[in-house]
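Here is the structure we will look at.
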Amino acid sequence: MFLDRMTRRHFLTDGGVGLGAIALGGLLASDGVRGAAASLTGMVPRAGHHPPRARSVIFLFMAGGPSQLDLFCDKPKLRDLHGQPPPASYLEGKRFAFLKGTEQLLASPRPFHRYGQCGQELSDLLPHHRGIVDDVCWLHGLTTDVFNHGPAKLFVNTGSPQPGRPSMGSWVTYGLGSESQDLPGFVVLQSGPRGPRAGGTLWSSGFLPTTFQGVPFRQGQEPILNLIPPAGMTPPRQRDFIDAVGDLNRHRQEVVGDPEIATRIAAYEMALRMQASAPELMDIRDEPQHVLDAYGTEPGKPSFAGNCLLARRLVERGVRFVQLYHTNWDHHGGPTENLETHLPQVCRDVDQASAALVHDLKQRGLLNETLVIWGGEFGRTPMGEIRETTGRDHHIDGYSMWLAGGGTKPGFVYGRTDELGLTVVEQQRHVHDLQATVLHLLGLNHLRLTFRFQGRDFRLTDVAGNVIDDILA
């Protein structure tokens, strides 16, 4: 039974398939306790280490690295020095993915203005963001360790640049479970011209039980492949099949003690419930027209805007962690990745819907308990690349993200880079600090949320990370 490997948490999480757990689930259901049915899936809601500020997370991941210098951070000095080589003293200790050392400083051609009481700078590329500047906590002093896309995306999502670690959504659902009885606790939505680099490793559960991995949803009536039963499979026959397979799996689990068998049992039961819940969730035709117009989406047309609306519907239904990936923000310069044409295009894809999501959550009273995160794996350099069209390289030493709701300070600007945008000069914070803060807002202590694997305790923040107390409301 591998009892020497079982912890109390394993027992409470994976032992939910026994007769005692079934009886307890029935008693809880009779008492009206929400999530009793989920006790058989490993996703029963659980208390964290301290009272939470947020109940759920929506992570709007801008895959490729948005240019903070063309969106959020005006640099007049950069305009003064446009076309000149950067001062050597500014480049000391810097690492870049493609720059060769002969590139020149590149000022943004976009007009900037300050908005809201907080005075946040925005370029003309994000007009709808002007309406949420005082609802958002702006982080302009973030740094990361990795300057290539796949490893950098992994680093933000798992705390490691190597695949195999659990993603943030997996850690969160492992620690807290989910309040949804008929949807996964961790859902992934994708939009843009292609999938994000590193693919499914970004939402993998790693060495955690696979119950906690992210579940990608597709647009349309079949959001999950093979969810709809084949022709001729009636509901009673399907129920008999699942019961029979469940009995066989439970017998096998009693013999070998493999927690992944419990995951498989839970997956069958969840799939059965999602046959009704998932299509209903994905059908946004019941939304009022003014809501569809606010997001800029149309039923039946997949888009980032549609995914933002789905994210709101998911957290309304108790889903713990929703992650949206939108590509492509990798504007190096080239026929399909330049600042002149393609940056404005991708900004139009996300600007209206991102702002509408914040407004919608606020109007429905959900923003206080939902943490919204917007940003990518790194930023872009103040130097342009030498290519056929205008672009910037990856920059890890000072970039921007924003947070809204979930216990963060609204209308708060935190962190600043130097006059060229190369180095953080005020309130520098690291990706591990961001991860620690997200867990803290959900009621989890990042030092205590651990899983023992291969002889050591692992955590999302590896061996670093501090909560950014300054941005907490």
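Where strands (runs of 3 or more DSSP E) sit wholly within the stretch 124-235, those with at least 1 residues that are open to solvent by less than 10 Å² (accessible area, probe 1.4 Å) and either under 26 Å from S303 (Cβ atoms) or not β-branched (V, I, T) (or both) occupy 136-143, 186-191.
Would you mind stating whether V413 is touching a Ser or Thr at 6+ places or on another chain (Cβ under 8 Å), over 19 Å from V156 (Cα atoms) and assigned to a strand (DSSP E or B)? When the stated conditions are applied, V413 does not pass them. Return the residues of the stretch 100-120 that are within 27 Å of the chain's Cα centre (by Cα) and open to solvent by 40 Å² or more (accessible area, probe 1.4 Å); say none if nothing qualifies. Those that are within 27 Å of the chain's Cα centre (by Cα) and open to solvent by 40 Å² or more (accessible area, probe 1.4 Å): Y115, G116. Filtered by the rule that a residue be closer than 30 Å to M43 by Cα and crowded, with 23+ Cβ neighbours inside 10 Å, the stretch 294-309 gives F304, A305, G306, N307, C308, L309. Among the residues making up the stretch 454-471, those that are open to solvent by 60 Å² or more (accessible area, probe 1.4 Å) and under 19 Å from F155 (Cα atoms) are D457, V463, N466.
Among the strands (runs of 3 or more DSSP E) confined to the stretch 325-408, the ones with at least 3 residues that are open to solvent by less than 10 Å² (accessible area, probe 1.4 Å) and either more than 16 Å from F147 (Cβ to Cβ) or among the hydrophobic types (A, V, I, L, M, F, W, C) (or both) are located at 370-375, 399-404. Kindly indicate whether any position in the stretch 84-93 is in a loop (DSSP other than H, G, I, E, B), in contact with a Lys or Arg (Cβ under 7 Å, 6 or more places away or on another chain) and not basic (K, R). There is no residue in the stretch 84-93 that is in a loop (DSSP other than H, G, I, E, B), in contact with a Lys or Arg (Cβ under 7 Å, 6 or more places away or on another chain) and not basic (K, R). Based on what the data block shows, is G411 open to solvent by 10 Å² or more (accessible area, probe 1.4 Å) and closer than 20 Å to H140 by Cβ? When the stated conditions are applied, G411 passes them. Looking only at residues of the stretch 293-316 that are in contact with an Asp or Glu (Cβ under 8 Å, 6 or more places away or on another chain) and either closer than 19 Å to E377 by Cα or part of a loop (DSSP other than H, G, I, E, B) (or both), we find that the one that is modelled with the lowest pLDDT is P299.
Based on what the data block shows, is G42 modelled with pLDDT under 95 and open to solvent by less than 30 Å² (accessible area, probe 1.4 Å)? Explain how you work it out, then say what you get.
Values: modelled with pLDDT under 95: yes; open to solvent by less than 30 Å² (accessible area, probe 1.4 Å): yes.
Criteria met by G42.
Does A97 qualify as being closer than 22 Å to N338 by Cα, more than 30 Å from the chain's Cα centre (by Cα) and aliphatic (A, V, I, L, M)? Answer is no for this residue. Among the residues of the stretch 82-101, are any among the polar types (S, T, N, Q), on the phi < 0 side of the Ramachandran plot and free of Cβ contacts under 8 Å to residues at least 24 places away in the same chain? So far as the stretch 82-101 goes, yes, one or more of its residues are among the polar types (S, T, N, Q), on the phi < 0 side of the Ramachandran plot and free of Cβ contacts under 8 Å to residues at least 24 places away in the same chain.
Among the residues of the stretch 151-167, are any modelled with pLDDT of 95 or more, touching a strand residue (DSSP E or B) at 6+ places or on another chain (Cβ under 6 Å) and under 20 Å from G376 (Cβ atoms)? No, the conditions are met nowhere in the stretch 151-167.
In the stretch 414-433, how many residues are of a type in the set (V, I, T) and surrounded by fewer than 17 Cβ atoms within 10 Å (Cβ to Cβ)? Result for the stretch 414-433: 1.
The values are calculated or read from the model by the stated rules, or taken from the named source; none is laboratory data. Fair warning: this is a prediction, and the values are worked out from it, not measured in the lab. All Cβ positions, even for glycine, are placed from backbone atoms using ideal geometry, and neighbour counts span all protein chains on display. SASA here: full protein model, heavy atoms, side chains in, ligands and nucleic acids out. Shrake-Rupley method; radii C 1.70, N 1.55, O 1.52, S 1.80 Å.
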